1. GNM on the chain, C-alpha springs below 10 Å: top fluctuator among 55, 72, 40?
2. Kindly express, to the nearest 10 degrees and within the range 0 to 90, the angle between helix 60-73's C-alpha long axis and the longest C-alpha principal axis of the chain.
3. With an 8 Å Cα cut-off and a minimum separation of 6 or more residues, compute the relative contact order for the chain in percent.
4. Based solely on its DSSP helices, what 222 nm [θ] is calculated for the chain when runs of n ≥ 4 H residues each add -39,500 (n - 2.57) and the sum is averaged over all residues, nearest 500 deg cm²/dmol?
5. Tell me, in nm to one decimal, what length is gained between residue 58 and residue 71 on full extension, where the rule is 0.36 nm per residue of separation less the Cα-Cα distance?
6. Report, to the nearest 10°, how far helix 16-31 tilts away from the longest principal axis of the Cα atoms in the chain, using its own Cα long axis and a range of 0 to 90°.
7. So how far apart, in nm, are the two label points at residue 18 and residue 92 if each is 7 Å from Cα heading toward Cβ?
8. Mind jotting down the distance between the C-alpha centroids of the stretch 4-39 and the stretch 77-97, whole Å?
């Protein structure tokens, strides 16, 4: 069953554009990972320092394996230079797929 995942990022003041550019360069690799179905980055219209990655994965385990891969590569540490608070990851069951 498909799982929806949100990764919410609160950037340091004025760093949203830089983080969005860094993420945009990383997302093609993300989309190629096992279990990845859909990956979208959205930026708050009223606060460019608030970014959410909306994702659909085959399983929660596929997403967690992907995150472990990013951690091993040091990508998550590098992104830490942009954020004001730890990212929030939430896993959702899709109750009505529309």
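Throughout, read-outs are computed from the coordinates displayed, never taken from laboratory work. It should be emphasised that the depicted structure is a prediction, and the values quoted were computed from it without experimental measurement. Ideal geometry is used to build each Cβ from the backbone, glycine not excepted, and the neighbour counts take in all protein chains shown.
1. Of 55, 72, 40, the most mobile in the Gaussian network model is 72.
2. The angle comes out near 40 degrees.
3. Answer for the chain is 46 percent.
4. Rounded to the nearest 500, the figure is -11000 deg cm²/dmol.
5. Working it through step by step, the gained length comes to 2.7 nm.
6. 30
7. 3.1
8. What the calculation gives is 9 Å, centre to centre.
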